[in-house]
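Participant: Below is one structure. I have some questions about it.
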Amino acid sequence: MKDLGNYRKSYQKSELLEGELPEDPINLFNRWFHETEDFGGIEEVNAMTIASIGLDGFPKSRVVLLKKFNEEGFIFYTNYESEKGRALEVNPNVCLSFFWPTMERQVIIKGVAEKTSTVVSDNYFNSRPDGSKLGAIVSPQSEVIPSRTFLEENLQQLEKEYEGQPIPRPSYWGGYLVRPVVIEFWQGRPNRLHDRIRYYLLTNLSWKIDRLAP
């Protein structure tokens, strides 16, 4: 067994102080997202972990790609009939997390997922390359399949079927909007005394800001 007890890193690139905080956490998320993007060193800044409670009662986390964010929340796309989609149908409470090591930052978001409108899902699906569109149709996401060949042969068949024709979005594929209720910003600091700032959504739709102990 490998002992990782001696792994050490000193965090000292930035700080997160109350006097610098906007009232709306989306504004801070936007600033951090673009600072991380501009700093470089991360291939997919929009990669995020989404955790949900499965139908078996166990939590499950997986990495997906954030495709849009605004004052309403955070949007990603998936197969509604997948393990993830079936879980969200029963329990829409999720946790999103971003880890940006080059900036020594994390963002953790608790929220409620809801399906986006068909217009939003159609618009995004139609913007995708044809290969990605066909991949969404071919894959019975999360289901047991006999082999890799099963996918490749079905893809070849669909490529012939839709050659020169528009590829429609399947009804079982689309977007989710995660409306945040809690957003925590974590900035690494020396001596493990990290900055943790939490935004908590109140009933009047304003945000309460707290500092948490690291």
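Participant: From Arg169, Arg148, grab the single residue that is basic (Lys, Arg) and in contact with a Phe, Trp or Tyr (Cβ under 6 Å, 6 or more places away or on another chain).
Facilitator: Of Arg169, Arg148, the one residue that is basic (Lys, Arg) and in contact with a Phe, Trp or Tyr (Cβ under 6 Å, 6 or more places away or on another chain) is Arg169.
Participant: Assuming Asp195 fulfils every condition listed in (1) open to solvent by 40 Å² or more (accessible area, probe 1.4 Å); (2) more than 23 Å from Asn93 (Cα to Cα); (3) modelled with pLDDT of 95 or more apart from one, which condition is it?
Facilitator: (1) is the only condition that Asp195 fails.
Participant: Still on this model: Restricting to the stretch 144-175, give me the number of residues that are open to solvent by 60 Å² or more (accessible area, probe 1.4 Å), among the β-branched types (Val, Ile, Thr) and modelled with pLDDT of 95 or more.
Facilitator: Qualifying residue count for the region: 1.
Participant: Something else about it: Look at the stretch 1-17 and say how many of its residues are under 21 Å from Thr102 (Cα atoms) and open to solvent by less than 90 Å² (accessible area, probe 1.4 Å).
Facilitator: 6
Participant: I've got another one for you. Scan (1) open to solvent by 40 Å² or more (accessible area, probe 1.4 Å); (2) within 21 Å of Asn46 (Cα to Cα) for the single condition Lys84 breaks and write down its number.
Facilitator: Lys84 satisfies every listed condition except (1).
Participant: Let me ask you something else. In the stretch 18-41, which residues are open to solvent by 40 Å² or more (accessible area, probe 1.4 Å), farther than 24 Å from Ile209 by Cβ and not charged (D, E, K, R)?
Facilitator: Hits for the stretch 18-41 are Phe39, Gly41.
Participant: Filter the stretch 102-125 down to residues that are farther than 19 Å from Ser52 by Cβ and in contact with a helix residue (DSSP H, G or I) (Cβ under 8 Å, 6 or more places away or on another chain) and give me whichever is surrounded by the most Cβ atoms within 10 Å (Cβ to Cβ).
Facilitator: The qualifying residue surrounded by the most Cβ atoms within 10 Å (Cβ to Cβ) is Arg105.
Participant: Here is a list: Pro101, Pro92, Pro59. Which entry is under 22 Å from Tyr172 (Cα atoms) and of a type outside the set (Asp, Glu)?
Facilitator: Checking each option against the conditions leaves just Pro92.
The values are calculated or read from the model by the stated rules, or taken from the named source; none is laboratory data. Predicted, not measured: the structure shown is a model, and the values here were computed from it. We place every Cβ from the backbone using ideal geometry, glycine too, and count neighbours over all the protein chains shown. Surface areas here come from the heavy atoms of the whole protein model, side chains and all, with no ligands, DNA or RNA. Shrake-Rupley method; radii C 1.70, N 1.55, O 1.52, S 1.80 Å.
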